[in-house]
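Presented below is the structure to which this report refers.
The values are calculated or read from the model by the stated rules, or taken from the named source; none is laboratory data. Note that the structure is predicted; figures quoted are calculated from it, not measured. Cβ sites come from the backbone with ideal geometry, for glycine too, and all protein chains shown count toward neighbours.
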């Protein structure tokens, strides 16, 4: 047993005289539920309050249970929205499963044979062309507030899952960490409308939940994904919105536990938390986990410490820009700041590789001409520079695209474009086959044909 000696919001300090709890141990007392977070001293431990905040007081005796924090797992979760306790959040009936799995656990290193690198097409031109997603890899969507991260993630989820749901080999897990309940409800309704909700498990730790629930909900979602990968041998499409809120929840917990912050103000354990989170999202022997992450960039500062701590674990990076958004191009992707680790002609093919290099070269050169155009106008450029500047604008407007998930708002049906078509279209623009067209002719289309 233990006795609560201090209370700091959703963090309590528990004195335990005999024995020592480990991370993830659960203690309870008549509606109060605590989970061990870290050690303060030899006999004092920090616990996160998971349930029963209003019943807590100094001197309360809590008793250790025989289990660590776990979550129900199984096919019963598909089509449902739950919290970290497995309680339904969609107004449906209680969820009863035969199995539970620990939320926090030390992953054993498993050597997986080298697998062939394959591109998982999203049908979104700018993503597939400049920052392709790898099967079993991780794609990060970086952007500030209101530039379209969630819409882009939802469209990727819609496009990939609509294709993969035709087989019983794939399911989807969505983790809503620190986001609005409205967005979670809209996503659930969208999936139900597209008849794919029954192959999706959703777990939310919303903005209104305390930091402990938000922090642990990310690991609970991974636990569900691991179950379907290892036990059910299903390929998992793992979506999280968003990873910065996960880091922010860890920072709040660190402050409440009197931990001295790093120089940038974040928790000193930030890098290890990011490592634990990402290292569990990997392929197994019989199935893969493919991860798409939305990452909020505070104040549009891409050099933020929490944002930078995510980069090392990603295979592909898509950066959304407020300047591009204000120009009316959507998705508002900063092409020159988006890339993939697989840009090698032996992997993506010579044709794709050369098209990307040429397109990036043209856009980079055109950016250098922007100031001159702003001062004296495009007509004062040399004929060669005029051609280059025009082709750059054609490429950038061609990379816009109507999305299916915003059809109700735009009235324009979404377009999916095969990667091969995108490569050919960009190659044609680079080679001058569409010089007679205006940039606006290519705005919000699928293929040029």
Does residue 215 fit the bill of being modelled with pLDDT of 90 or more, outside any helix (DSSP H, G or I) and either buried (at least 24 other Cβ atoms within 10 Å of the Cβ) or under 14 Å from the mean Cα position of the chain (by Cα) (or both)?
no
Determine whether residue 262 is in the same structural domain as residue 186 (by TED's automatic domain parsing) and either within 19 Å of residue 104 (Cβ to Cβ) or modelled with pLDDT of 95 or more (or both).
no
Could we say that residue 288 is more than 16 Å from the chain's Cα centre (by Cα), touching a residue at least 24 places away in the same chain (Cβ under 8 Å), over 16 Å from residue 241 (Cβ atoms) and surrounded by 17 or more Cβ atoms within 10 Å (Cβ to Cβ) here?
yes
Residues (over 22 Å from residue 68 (Cβ atoms) and out of contact with any strand residue (DSSP E or B) (no Cβ under 7 Å at 6 or more places or on another chain)) located in segment 199-231
207, 208
Scan (1) within 26 Å of the chain's Cα centre (by Cα); (2) surrounded by 14 or more Cβ atoms within 10 Å (Cβ to Cβ) for the single condition residue 409 breaks and write down its number.
(2)
With the checklist (1) more than 18 Å from residue 418 (Cα to Cα); (2) at pLDDT 95 or above in hand, flag the one item residue 381 doesn't pass.
(2)
